[in-house]
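Since the structure comes first, as structure tokens, the remarks are kept for the end.
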Amino acid sequence: MLLPARASTSLLLLLILLAALLAAPPVAAKAGRKAPRSPVAAEIVMDAGSGAVLQARNADTATYPASLTKMMTLMLTFEALERGTLRLNQTLVVSRHAASMPPSRLWLAPGSTIPVEKAILALVTRSANDAAVVLAEALGGSETAFAAKMTARARALGMRRTVFRNASGLPDRLQRTTARDMAILSRALIRRHATHYAYFQRRSFDWQGGTVYGHNRLMARYPGMDGIKTGYIAASGFNLAASAVRDGRRLIAVVMGGHSADARDTRVADLLDAGFDRPTSPSRPAPARPVQPDLVITGRSASAAERSTALSVAVPTAKPGAGAKSAALSSSPWGIQVGAFSTQAAALRSARETAKRLGTAAAGASPEIVRSGGLYKARLTGLAAADAATACAALKAAGQGCFAVKGQ
């Protein structure tokens, strides 16, 4: 039976209205739905020597550390190495739990092994989650027990707002930190573990016939930067704890909550530039003459990373046609520092052996030992600026750390 035209129209409108109501989400559900939280944007710049904070924004606001967590995993690893309870060439067995970690990873297989030094390099460069758990289980028995040790160590360092729940930084809503706490951790790594801090300079390492490359792209383009660690999870945004040396002065910058890796890197570079432009204190300008960092090779260096600890310092080169000023610059007294040792005898032996290795490149140079911070620094002094640069280049090419130092 055919419906009247008016009834047919009314039925059609009713059907359209019913379809629209079914397609739309309930008003109550829409009102109760939480918008996704944006990552906390936080930053801090700290003088590594004094610990003074030069600039900060949201530095004490809680956020997620992401892979900056691995900085604490590495600190506890370095401490175990220094106690002798762990060795660089010691092989560690990969558990099923470690092998199950999501990327970024080395794709370690259950039951396989990895040397401690390779695990360290995997954390520094690739931020490998599986390698982080391998170290955690070796040092704590389980990742959960190790995380408790990490939190206890954080408290001892003064990281009052940090709680660790795992060794990698993978998402956990209870794992929290702040930009200030990450700066405190960065400073502790630099000052307490100078020898092992050298690992953070590494941008790649060899693994099972291939080369594993790192994530820290800013280190390749920011002069004087030698670490430390990148991190990212969706809840934290893009994080970076960085440290750089300029004119002998070391700064630490931590940026958390970047909306992209490039934006984060640019902000870190800007913060470091601004920090280096500031004097060390309102009443005392920054030192005019470089004070060389203590990050140098030691007599117990057992790895390529440790042997590469010395940082490069730019050596001025004379420009053709610069006249008397250029000549004075090229003839000014320079030297090279080739290591720092626990005894004066070891430092002197290193300086003499280096001079012999350089041959004519070190002609006229004299061994000099400088005591600083409980170490004896081995140097060859009495070189022109250009000769110091040439000598360091030759030593670095041979795998030995070296940096130029300007004389009195």
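The values are calculated or read from the model by the stated rules, or taken from the named source; none is laboratory data. Treat the numbers as computed from the prediction; the structure is a model and nothing was measured. Virtual Cβ from ideal backbone geometry, glycine too; neighbours counted across all protein chains shown.
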### Task
Taking the options 122, 152, 145, 138, name whichever one is among the hydrophobic types (A, V, I, L, M, F, W, C) and within 21 Å of the chain's Cα centre (by Cα).
122
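Looking only at region 197-210, decide whether some residue is closer than 24 Å to residue 155 by Cβ, over 10 Å from the mean Cα position of the chain (by Cα) and in contact (Cβ under 8 Å) with a residue 12 or more places away in the chain. Outline the logic, then answer.
So the first thing to find is which residues in region 197-210 are closer than 24 Å to residue 155 by Cβ, and the list is 197, 200.
Applying the additional criterion that residues be over 10 Å from the mean Cα position of the chain (by Cα) yields none.
No, region 197-210 contains no residue that is closer than 24 Å to residue 155 by Cβ, over 10 Å from the mean Cα position of the chain (by Cα) and in contact (Cβ under 8 Å) with a residue 12 or more places away in the chain.
Table: residues versus (1) in contact with a helix residue (DSSP H, G or I) (Cβ under 8 Å, 6 or more places away or on another chain); (2) of a type in the set (Ser, Thr, Tyr); (3) under 16 Å from residue 276 (Cβ atoms).
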| site | (1), (2), (3) |
| --- | --- |
| 226 | yes, no, yes |
| 232 | yes, yes, no |
| 236 | yes, yes, no |
| 245 | no, no, yes |
| 253 | yes, no, yes |
### Query
In this structure, does residue 191 turn out to be of a type in the set (Lys, Arg), part of a loop (DSSP other than H, G, I, E, B), surrounded by fewer than 24 Cβ atoms within 10 Å (Cβ to Cβ) and in the same structural domain as residue 237 (by TED's automatic domain parsing)?
no
### Query
Within region 166-188, how many residues turn out to be part of a loop (DSSP other than H, G, I, E, B) and buried (at least 20 other Cβ atoms within 10 Å of the Cβ)?
6
## Note on the structure
Filtering region 205-244 for residues that are modelled with pLDDT of 95 or more and either among the β-branched types (Val, Ile, Thr) or not assigned by TED's automatic domain parsing to the domain that holds residue 190 (or both) leaves a count of 3
### Task
Give region 251-276 a look and list any residue that's surrounded by fewer than 23 Cβ atoms within 10 Å (Cβ to Cβ) and under 23 Å from residue 195 (Cβ atoms), or say none.
none
### Query
Do we find that residue 133 is within 13 Å of residue 67 (Cα to Cα), under 17 Å from the mean Cα position of the chain (by Cα) and in a helix (DSSP H, G or I) in this structure?
no
### Task
Keeping to region 190-227, report how many residues are over 21 Å from residue 247 (Cβ atoms) and charged (D, E, K, R).
5
### Query
So which residues in region 216-232 are surrounded by fewer than 19 Cβ atoms within 10 Å (Cβ to Cβ) and in contact (Cβ under 8 Å) with a residue 60 or more places away in the chain?
223
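How many of the residues in region 142-160 are charged (D, E, K, R) and either loosely packed, with under 13 Cβ neighbours inside 10 Å or within 11 Å of residue 181 (Cβ to Cβ) (or both)?
Counting residues in region 142-160 that are charged (D, E, K, R) and either loosely packed, with under 13 Cβ neighbours inside 10 Å or within 11 Å of residue 181 (Cβ to Cβ) (or both) gives 2.
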## Note on the structure
Residue pairs within 9 Å by beta carbon, gap of at least six or interchain, first lying in region 378-398 and farther than 15 Å from residue 339 by Cβ, second charged (D, E, K, R), listed first then second, are 382/368; 385/406; 388/406; 394/357
